[in-house]
Structures are given as structure tokens and as C-alpha cells.
Amino acid sequence: MSVDTAAAAGIRTFAIPTPFAVGRVNTYLIEDDPLTLVDSGPNSGRALDELHHQLAEHGYSIDDIELIVLTHQHMDHLGLVDIIASHSGAEVAAIDALGGFVEDFSAAAARDDEFATAVMLRNGISEDVVQALRQVSSAFRAWGGKAHVTRPLADGELLALRDRELQVLHRPGHSPSDTIFWDERRRILIAADHLIKHISSNPLISRPLAGDAISPRERPQALVTYLESLRKTRELPAEIVLSGHGEPVTDHVALIDERFELHRRRAYEIYGLIAERTRTGYELAQAFFGDIAVTQAYLTLSEILGHVDLLLNDGRVREVERDGVAYFQAT
């Protein structure tokens, strides 16, 4: 099973350039009625030119797109949606909880930054590093873009095209809005960043999409949520998984089991660091990852806190607070 298999099923893979370390992002053109694009790539002239070019190679233009489907809220996946929809008149479909976020992307992203700031300060990252990262994040925001969701999707519903039905499955963890699309008849799963072959998806600690603002003390347990989502995905009899980056996955059960083992092992290693002495989340990140670039501070903190949550839930670690900063100690 490969990209050729997907193409035979009427799904074209377009690898679109991004300015991010992860590299190119996969968007998928489903040659059906309506002509459907899954994700768009970031908001950049280079990405738009590449999308134009790859569409043209298959006899299409942006004006031909009739439906855009969003998999989640990250800017490398949705940056061009408004431009494409404005040119083509395409409908925009996304999980219902995502609508408000993308309708006012800049303001929502700014609220995300405020939440991330509070989480970082509570977990021992200095004010100087936090402010530097906020400046970087604010600059990156231009790679995203707003979108008007005209077709909100409910978890479990069927998105019907002429020749196929895609079951909409909400799989939060990597982000609160992660959504996968399951073609049961062809056993093809469009998973975006929920499952990637060559890298483990980082469950980023994110502000909930709905409800009142929360304090960093009540932050979501992103990794715990992600592992539960993976357990559900593991049960699907998929033969090919189309990811948001890199090559297709042809044995998702084995890959998910590898990821379970990876997170179990990391939790064990982080427990060893906590058992040595009480530490903040940032101190754990420095001890585990070494010298951390400013741009990676929140990503690595999210990774550490996700595994600490596993230890907290198992009763092996407890959280104590000193002067508004959280510390973790072995029980």
C-alpha cells in the first residue's frame, strides 16, 4: 500500500512547503464530486504557487475546488483556506468545535499565546524566555489565516461525496481539534498529524476550544488525551493511513504500539529525574533534552508535562506549588 494506492482511489497527495522545521505538509485532493481538498498549507506565496502547480499537473486549478476539509487548527494546515475559498467559492468543512477558532484566527491564536505564557511561567520558564517566545509566536501567526466554516461536522457523522463516504472522527490530543476521516469501504484513513510515520506527534498543551478561560493549574492533559485517541484509532481496520507529513503508514497498529512503548519509556526516564530531586517542568525539560532553543521551549515543556501527567495519574509523582511555580516530586 502506498501513495499509488491512494491515487488509484482518487486521492492525490500534494506536499506543500512550510517555513517550519517539520518540513512540507501533505494536503490531499480527493477527485470526487465535490472536488475536495483536505487541508491547504500555510499562508505563503510559495505554498500557494506550489499548490497551483500541483493542481495544474492533474488538470485542475484552485477555482475548481468545491469543498475544503480541515483536519485541525494548526497554521501549516489551514493558512490558505480563506484564499482558496474566496477564489473558488468552495464550502469549508471542519469539526464543529473548530468553527469559532478559525473564524477569528488571529484573536484565537493570541488567546492561545496568553494561555501558553501562563503555563510556561507556572512551570519555571523565565519571563525573558517567555517574552522572546511570544514575539516569535506572534510573527509566526501570519502563516495562519481565518476561515469561515460553512459546513460544521459532528463527531461520527458521514461526510458523503458522490463515490465515497468519509466518517468524521474527532481524535484530540495533538491539538484539541484533530479530526480524522475514515473511508471504511476502501480502508483508507486520512489522519493528518494524528499519526505520522517518521516522528511522534507532539501533544501540545492547548487552550480548550470552547468554554470559559482556564488557569494553568487546570491545564488539559494533552498526552493522556492523545493516547486515548490513539487507542481508538488502533481499532480501525485501516490498510493505509495518509498523514499530515511524510510517507503513508501501512501498519498503523504496529506504529501505534511503538508510540505507546515510546511514551511509557519516556515517562520512566522522567520519573528517574524527578526521583533524583524535586524539579520544575522546565528543569525537567533541560535535564531530559539538554540545551533548548527558545523556539522549542513550549514544545519541549508540553512533551515533559504530558509524561508527568501519566506519572501524576499513576500516583508516582505529586505536584507542589511554591510562589506560584509548580514543582514535581516523587511520592
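The values are calculated or read from the model by the stated rules, or taken from the named source; none is laboratory data. Note that this is a predicted model, so its numbers are computed, not measured. Because the Cβ atoms are built from the backbone with ideal geometry, glycine has one as well, and the counts that use them run over all protein chains shown. Keep in mind that these areas ignore ligands, DNA and RNA; they rest on the heavy atoms of the full protein, side chains included. Shrake-Rupley method; radii C 1.70, N 1.55, O 1.52, S 1.80 Å.
Brief remarks on what is shown
- Test: residue in the stretch 76-88 that is within 20 Å of Lys232 (Cα to Cα) and buried (at least 22 other Cβ atoms within 10 Å of the Cβ): no
- Residue list for the stretch 280-316, restricted to those being in contact with a helix residue (DSSP H, G or I) (Cβ under 8 Å, 6 or more places away or on another chain) and over 22 Å from Asn202 (Cα atoms): Arg316
- Hits in the stretch 159-176 (condition: part of a loop (DSSP other than H, G, I, E, B), surrounded by 24 or more Cβ atoms within 10 Å (Cβ to Cβ) and touching a strand residue (DSSP E or B) at 6+ places or on another chain (Cβ under 8 Å)): Arg171
- Of note, Ser200 does not satisfy the criterion of being touching a residue at least 60 places away in the same chain (Cβ under 8 Å), over 25 Å from Phe115 (Cβ atoms) and of a type in the set (Ser, Thr, Tyr).
- Residues that are in a loop (DSSP other than H, G, I, E, B) and in contact with a Leu (Cβ under 6 Å, 6 or more places away or on another chain) within the stretch 1-42 comprise Asp32, Pro34, Ser40, Gly41, listed in sequence order.
- Once the stretch 40-60 is narrowed to residues that are over 17 Å from Thr179 (Cβ atoms) and touching a helix residue (DSSP H, G or I) at 6+ places or on another chain (Cβ under 6 Å), the residue that is surrounded by the fewest Cβ atoms within 10 Å (Cβ to Cβ) is Asn43.
- Subset of the stretch 66-117 [part of a strand (DSSP E or B) and of a type in the set (Gly, Ala, Ser)]: Ala93, Ala94
- No other residue among Leu133, Leu189 is touching a residue at least 40 places away in the same chain (Cβ under 8 Å), touching a Phe, Trp or Tyr at 6+ places or on another chain (Cβ under 8 Å), surrounded by fewer than 23 Cβ atoms within 10 Å (Cβ to Cβ) and not in a loop (DSSP other than H, G, I, E, B) apart from Leu133.
- Residues of the stretch 225-241 that are open to solvent by less than 10 Å² (accessible area, probe 1.4 Å) and more than 14 Å from the chain's Cα centre (by Cα): Thr233, Ile240, Val241.
- Residue that is most open to solvent (accessible area, probe 1.4 Å) [pool: residues in the stretch 11-21 that are within 19 Å of Gly145 (Cα to Cα) and at pLDDT below 95]: Pro19
- Residue match in the stretch 205-224 (condition: open to solvent by less than 10 Å² (accessible area, probe 1.4 Å) and either over 20 Å from the mean Cα position of the chain (by Cα) or not aliphatic (A, V, I, L, M) (or both)): no
- Qualifying residue in the stretch 107-120 (condition: in contact with a Pro (Cβ under 6 Å, 6 or more places away or on another chain) and within 25 Å of Thr300 (Cβ to Cβ)): yes
- Within the stretch 23-37, at least one residue is open to solvent by 40 Å² or more (accessible area, probe 1.4 Å) and either farther than 29 Å from Glu239 by Cα or among the acidic types (Asp, Glu) (or both).
- Note on the stretch 290-330: among residues that are free of Cβ contacts under 8 Å to residues at least 12 places away in the same chain and closer than 21 Å to Ser137 by Cα, the one that is surrounded by the most Cβ atoms within 10 Å (Cβ to Cβ) is Ile292.
- Members of the stretch 96-121 that are farther than 30 Å from Leu284 by Cα and either among the aliphatic types (A, V, I, L, M) or open to solvent by less than 40 Å² (accessible area, probe 1.4 Å) (or both): Ala97, Leu98, Gly99, Phe101, Val102, Phe105, Ala107
- The residue that is farthest from Arg265 (Cα to Cα), counting only those in the stretch 310-331 that are within 29 Å of the chain's Cα centre (by Cα) and assigned to a loop (DSSP other than H, G, I, E, B), is Gly315.
- Cβ-Cβ under 8 Å pairs, at least 6 apart or on other chains, the stretch 258-287 side hydrophobic (A, V, I, L, M, F, W, C), far side open to solvent by less than 30 Å² (accessible area, probe 1.4 Å) and modelled with pLDDT under 95: Ala285/Ile292; Ala285/Ala297
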